[in-house]
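Novice: First, the structure itself, so that you have it in front of you.
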Amino acid sequence: MKTREQRDLFPGALEMMILRTLKRQPLHGYALAQHIKRTSNDLLQIEEGSLYPALQRLLKEELVKAEWGISSTNRRVRIYKLTAKGAKHLEHEVSRFEKMLEGITRVLAPGES
Amino acid sequence: MNWLMQVFSRRRIYGDLSEEIRGHLEEKIEELVADGMSRKEATAAACRAFGNVTLTEEDSRNVWRWTSVEELLADIRYGLRALRHNPMFTAVALLTIAIGIGANTAVFSVVNSVLLKPLNYPNAEQLVSLHQIAPGAPGLADFETGLHLSPSMYFTYAEHNRAFQSLGVWNTGTASVTGLAEPEQVRTVEVSDGVLQALDVPPAVGRWLSEADQVPRGPQRVMLSYGYWQRRFGGDRSVVGRNITVDARPREVVGVTHKGFRLVDTDFDVMVPLAFDRRNLILAGFGFEGVARVKPGVTIAEANADLTRMLPIWMDSWTNGPGTNPHFYETWKITPMIRPLKREVIGNVSDVLWVVMGTIGLVMLVACANVTNLLLVRIEARQQELAVRAALGAGWGRMVRGLLVESVMLGLMGGALGAAFAYAGVRLLLAIGPANLPRLSEISLDARTLGFTVLLALFSGLLLGLIPALKYAGPGASLALRSGGRAASASRERHRARNILVVGQVAMALVLLVSAGLMIRTFQALRTVDPGFTDAQHLQVMRISIPGALVAEPERVLRIQNEILEKLAATPGVKSAGLVSEMPMEGFDSDWDCIFAQDKTYPDDVMAPLRLYKYISPGFLQTAGTRLVAGREFTWSDVYGLRPIVMISENLARETWGTPSAALGKQLREFPSMPWHEVIGVIEDVRERGVQDKAPEIVYWPPMMEYLFGSKDAQTVRTVTFVARSERAGTESFLNEVRQAVWSVNSNLPLASVRTMEEVYDKSVARTSFTLVMLGIAGAMALVLGIIGIYGVISYTVSQRKREIGIRLALGAQGEDVVRMILRQGAKMALAGVAIGIGAALGLTPLMRSLLFGVTAQDPRTFAAVASLLILVALLACYIPARRATRIDPLVALRYE
């Protein structure tokens, strides 16, 4: 049994990836999971289940909204969509992340000190 | 409002979630099947990839929740269900806790009302009692009340002080009220100006006594207590302005005190103003208690300093008469020792109450240990359930909380039940409580007491749950999913917690039983002390007062008293009768003064040791059963002939002249203007202030003397205790005949304090007997709980070791071997508990030293007796399960597998 921290990479990372994916197109849970897995080349060991608590958090904060609909494979699924608030939040988070990443990269970069 | 909508839409959200997750899994499975996997493999793979479905759902739901509260509610629901499923356990545990909490709450309500609550006056923290000591006054060391104030001291203090808002003196007494129905002896307080101002509480009706009522030979006024007003006047407000006859003198009622008003801790019927005549005052006359209210911000030390400053002013302003040196009181080393009024009210009862509170607290711990043991046994049975929950992903924090919630609920429910018990307990306590318990009327279950109950309930709930929770659900607890509880022989480890609890219980029980034992020994020791009178249940005593306004001439008073004695002696069944100024232990203020012996020299010629003095009639000694050690007794012809004779106590004779017989023929007097009185008899020592206190030195004057109090006329004692010895003492018919006998002499004489000496005696040892009863109850409770504890643990081990014992028996072990083995286990626990308990008791019993008499706090006999009793009882408690173990059929035991 893994703890939540291990599943989550760093706090907020999963949420950020979800928002980024949904910005491209609305998706339902399973498709979302597959997409994240695929695009990350399976580098991130994410339990598919951990998506759902994250989605609930986003729903609660009204960063995404969900509607029941029919998927391409003809299933009844809940399709998640980015809200305006979510888009704004994503932008903010991404820029914050980039700054952080830049900082980390500099520290980790060899030969400069 | 958003969150509110969320709460209501939650059910839908949860439904959506489950459906969504199910859909997710199905989609995955189908995809995998499409890729060529078997359905079974696909399902497993999908689940693996997804993770813990239940946990995911729960985590997702938690997003929407007020998590902590809702989990708590769930825990409570779960806990209630668990308790309901085990009614026997729940009932026993609840009852144990409820009794414990009930007893604690009851005692706490007394401690709170008597010791903690401020006195019933506004800004009571400013109120003080003007206590002072005089270590240099010979003989005064006996007087635990210290040196009271004299009227001249009062005037000096009242007029020259800087530290007090107001200050006054007061005194208690009795008076007869006549002219209403039948004559009645009432309890009075006499107050000077300043007392009521200091106490600062409004009267219920009318007005307070004021300075105008304190004028000597001025208008005679009086105040009634609320109780007396209700009893005698039915609460009629028009009583204000009417006259009542107090001690044969009409006095105008000016007001009624409010309900529950007490002067310090004195309950009274009538309040009379003290009207000191300043012109006649001397330095001496130390007969009044002082009460004062200090100015805001003034400390006790500053107030003491203020009084000390005024003592020289007092000695400069007054005299004891021509030829005396007013500054000789400097040798008395009068030292003000002002006390908070509350301390004065509480007196020595605080020791008792704290000891009782402590012991009841210990009983609570023993009870908690028992319930904890029950919980441990039960949780062992629930190990399977806990293991399943842990396997399903419950964190240890959550499980510990679940168990704690359960035990806290047990505590709270026990507390609620306990509060009900406490209500009954307080009544019981008041019924057996010492009659002289101060502030008795204020005892109630108030908010603070209930707060205490809730805290105690919470605390004991946590305490109960902590050990089992940490042991079985805490981090590092080894929980194994086992099949059907097929435990091998139980490991030592698993029993350790329970054994420690039992050892603790035995130890605490020992402490309580030793305390109870010490009280029993104290009581025994008190019983063996010769109080100075015999056969107390056959001694009828009563107080009769003959006021000067009723009978003026002193000799008439004595004649009336003599006549009453004759009538009493003639009453059927009466062997003899006598009178005395007050019987031992009656609790009336005794008189004392310097007593000079002719053949001794005293420094400064005014200094002689202070001695208690009393008056006794002929026939008194024989009636009371007080032994005459040497010489002879007074006769009536001595008394009427005003012969200057006196009797003294044996210890006074020994102290002054070496032996009782050497005292005979020596001369004594009280003050220089008094003729010398010859010692004609020596009387055995009498425990004047109760059997616990050493017998004081006493001078016995005849009931009529010349030059008493410096007056020219013969003087008699107007208020005396009549004593009659009869087998019929205390019976209603006898009392009726006694009243008729008294009233046949003078129908205006009320009888007061009509009791047998046994009642007087019992009241004087009430503190000891109350403590004894309370410690006895606590000790018995601890003993029973301790036995149950040991019995429970041993029974449980036996049932756990059934298999092992079965094997032993099958291999040829004898029954006694098994019994011995089990007894050994019990004996180990009992011995460990006794050893620890003795250590603890040695540390704790000195705390109750002030309650003990004739026995040391480390009395080896008590310790040995209690220790052997405990070990014996513990072994008995083990023997029953041990016997059961020998009857185990090896075949049956092994087939259980």
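Novice: Output needed for the range B:547-748: three equivalent-ellipsoid semi-axes, defined as square roots of 5 times the C-alpha gyration tensor eigenvalues, in descending order, whole Å. Kindly include the intermediate steps, with their values, before the conclusion.
Specialist: Details: eigenvalues 178, 79, 42 Å².
Result for the range B:547-748: semi-axes of 30, 20, 15 Å.
Novice: Taking a cut-off of 15 Å, what percent of all Cα-Cα pairs in the range A:4-108 are separated by more than that?
Specialist: On the way: 3484 of 5460 pairs.
Across the range A:4-108, Cα pairs with separations above 15 Å total 64 percent.
Novice: So for the pair B:Ile313, B:Val454, with labels modelled 7 Å out along Cα→Cβ, what separation do we get in nm?
Specialist: 5.2
Novice: Determine Rg/Rh for the protein assembly as shown; Rg is computed over alpha-carbon atoms and Rh is the Kirkwood hydrodynamic estimate from the same atoms.
Specialist: Working: Rg = 42.4 Å, Rh = 36.4 Å.
Reported Rg/Rh (Cα atoms, Kirkwood Rh): 1.16.
Novice: How compact and how long is the range B:342-385, expressed as Rg and Dmax of its alpha-carbon atoms in Å?
Specialist: Computed over the Cα atoms of the range B:342-385, radius of gyration and Dmax are 19.0, 61 Å.
Novice: Answer with one residue from B:Leu823, B:Met542, A:Met17: the one whose Cα lies farthest towards the positive end of the charge dipole of the protein assembly as shown, charges on Cβ with Lys, Arg +1 and Asp, Glu -1.
Specialist: A:Met17
Novice: Could you please tell me the mean projected area of the C-alpha convex hull for the range B:349-420, averaged over all directions and given in square nanometres to one decimal? Please report the intermediate quantities before stating the final value.
Specialist: Details: hull surface 25.3 nm².
Orientation-averaged projected area of the Cα hull: 6.3 nm².
Novice: Separate question: Treating only the Cβ of Lys, Arg, Asp and Glu as charged (+1, +1, -1, -1), what charge dipole size does the range B:91-232 show about its Cα centre? Round to the nearest 20 debye. Intermediate values should be presented prior to the final figure.
Specialist: Values: 8 positive and 11 negative charges, 66 e Å.
It comes to approximately 320 debye.
Novice: OK, next. Inside 10 Å of the C-beta atoms of A:53-63, what's the mean count of C-beta atoms belonging to other chains?
Specialist: Values: counts 10, 3, 4, 8, 5, 1, 5, 6, 1, 1, 0.
Across A:53-63, the average partner-chain Cβ count within 10 Å equals 4.
Novice: If you find the alpha carbon centre of the range B:242-317 and of the range B:11-41, how far apart are they in angstrom?
Specialist: Each part's Cα centre sits 93 Å from the other's.
Novice: Okay, next question. For B:Lys117, give me every one of the lysines with a C-alpha distance below 21 angstrom, ignoring sequence neighbours fewer than eight places off in its own chain.
Specialist: Cross-link targets: B:Lys259, B:Lys342.
Novice: Now for a different question. Going down the list B:Lys333/B:Lys666; B:Lys575/B:Lys694; A:Lys60/B:Lys471; B:Lys614/B:Lys763; A:Lys37/A:Lys85, which pairs span over 28 Å between their C-alpha atoms? Display every interim value, and only then the final one.
Specialist: Numbers: B:Lys333/B:Lys666 31 Å; B:Lys575/B:Lys694 30 Å; A:Lys60/B:Lys471 39 Å; B:Lys614/B:Lys763 22 Å; A:Lys37/A:Lys85 25 Å.
Over 28 Å apart, Cα to Cα: B:Lys333/B:Lys666; B:Lys575/B:Lys694; A:Lys60/B:Lys471.
Novice: Determine the equivalent ellipsoid of the range B:288-358 by diagonalising the alpha-carbon gyration tensor, then write out the semi-axes as square roots of 5 times the eigenvalues, largest first, rounded to whole Å.
Specialist: Working: eigenvalues 223, 54, 20 Å².
Each semi-axis is √(5λ); the values are 33, 16, 10 Å.
Novice: Turning to a different aspect of this structure: Could you order the peptides B:615-623, A:91-99, B:97-105, B:215-223 from most to least packed, using the average number of other C-beta atoms within 10 Å per residue?
Specialist: B:97-105, B:615-623, B:215-223, A:91-99
Novice: Between the alpha-carbon centers of the range B:99-121 and the range B:748-815, tell me the distance in whole angstrom.
Specialist: Centre-to-centre (Cα) distance: 24 Å.
Novice: Then there is this: Using the Cα gyration tensor of the range B:735-820, with a ≥ b ≥ c the square roots of its eigenvalues, what is the shape: rounded (a/c below 1.5), prolate (a/b larger than b/c) or oblate (neither)?
Specialist: prolate
Novice: So, one more: Quick check: Cα centre of the range B:372-390 to Cα centre of the range A:42-113, how many Å?
Specialist: 43
Novice: Using unit Cβ charges (K, R positive; D, E negative) and no other charged atoms, how large, in debye to the nearest 20, is the dipole of the range A:4-108 about its Cα centre?
Specialist: Details: 19 positive and 13 negative charges, 72 e Å.
Using only the charged Cβ atoms, the result is roughly 340 debye.
Novice: Something else: Compute the long axis of helix B:2-34 from its Cα atoms, compare it with the longest principal axis of the Cα atoms of chain B, and write down the angle in degrees, 0 to 90, nearest 10.
Specialist: Helix B:2-34 sits at roughly 30 degrees to that axis.
Novice: If I take the Cα coordinates of chain B and project them onto the principal axes, what are the three extents in Å, biggest first?
Specialist: 134, 78, 54
Novice: The range B:712-808: which GluC sites (Glu not before Pro) are DSSP loop and have at most 14 other beta-carbon atoms within 10 angstrom? Before the final figure, lay out the partial values.
Specialist: Values: sites: B:Glu727, B:Glu732, B:Glu737, B:Glu758, B:Glu759, B:Glu804; in loops: B:Glu727.
Counting only loop positions with at most 14 other Cβ atoms within 10 Å, the GluC sites (Glu not before Pro) in the range B:712-808 are B:Glu727.
Novice: On C-alpha positions alone, give me the angle between the axis of helix B:860-886 and the longest principal axis of chain B, in degrees, nearest 10.
Specialist: Its long axis makes an angle of about 30 degrees.
Novice: Would you mind checking the tilt of helix A:29-39 against the longest principal axis of the Cα atoms of chain A, expressed as 0 to 90 degrees and rounded to 10?
Specialist: Once rounded, the angle reads 30 degrees.
Novice: A follow-up question, please. Under a point-charge model restricted to the Cβ atoms of Lys and Arg (+1) and Asp and Glu (-1), what is the dipole moment magnitude of chain B relative to its Cα centre, in debye to the nearest 20? Walk me through the numbers before you get to the answer.
Specialist: Numbers: 91 positive and 85 negative charges, 698 e Å.
So the dipole magnitude of chain B works out to roughly 3360 debye.
Novice: What percentage of all Cα-Cα pairs in the range B:2-65 are separated by more than 16 Å? Could you put the intermediate results ahead of the total?
Specialist: Working: 1057 of 2016 pairs.
Value for the range B:2-65: 52 percent of Cα pairs lie more than 16 Å apart.
Novice: Something else: Which value, to two decimals, describes the C-alpha radius of gyration of the range B:131-337 once divided by 2.2 N^0.38 Å? Don't jump to the answer; show the numbers that get you there.
Specialist: On the way: Rg = 18.4 Å, N = 207, 2.2 N^0.38 = 16.7 Å.
Compared with the compact-globule rule of thumb, the range B:131-337 sits at 1.10.
Novice: Out of the range B:819-889, which trypsin sites (Lys or Arg not before Pro) are coil in DSSP terms and have no more than 15 other C-beta atoms within 10 Å? Could you put the intermediate results ahead of the total?
Specialist: On the way: sites: B:Arg820, B:Arg824, B:Lys828, B:Arg849, B:Arg861, B:Arg883, B:Arg884, B:Arg887; in loops: B:Arg887.
Those satisfying the criteria are B:Arg887.
Novice: Okay, moving on. Among the chymotrypsin sites (Phe, Trp or Tyr not before Pro) in the range B:240-296, which ones are in a DSSP loop with at most 16 other Cβ atoms within 10 Å of the Cβ? Mind listing them? Intermediate results must be reported in sequence, preceding the final value.
Specialist: Values: sites: B:Phe261, B:Phe268, B:Phe276, B:Phe286, B:Phe288; in loops: B:Phe261, B:Phe268, B:Phe276, B:Phe286.
Listed in order of number, the matching sites amount to none.
Novice: Within a 10 angstrom radius of each residue's Cβ in B:17-29, how many Cβ atoms of other chains show up on average? Whole number is fine. Walk me through the numbers on the way to the answer.
Specialist: Numbers: counts 6, 0, 4, 10, 6, 0, 8, 13, 3, 2, 10, 4, 0.
The shielding value for this peptide is 5.
A short reminder: the numbers here are calculations on the coordinates, not readings from a lab. It should be emphasised that the depicted structure is a prediction, and the values quoted were computed from it without experimental measurement. Cβ: placed from backbone, ideal geometry, glycine included. Neighbour counts: every protein chain shown.
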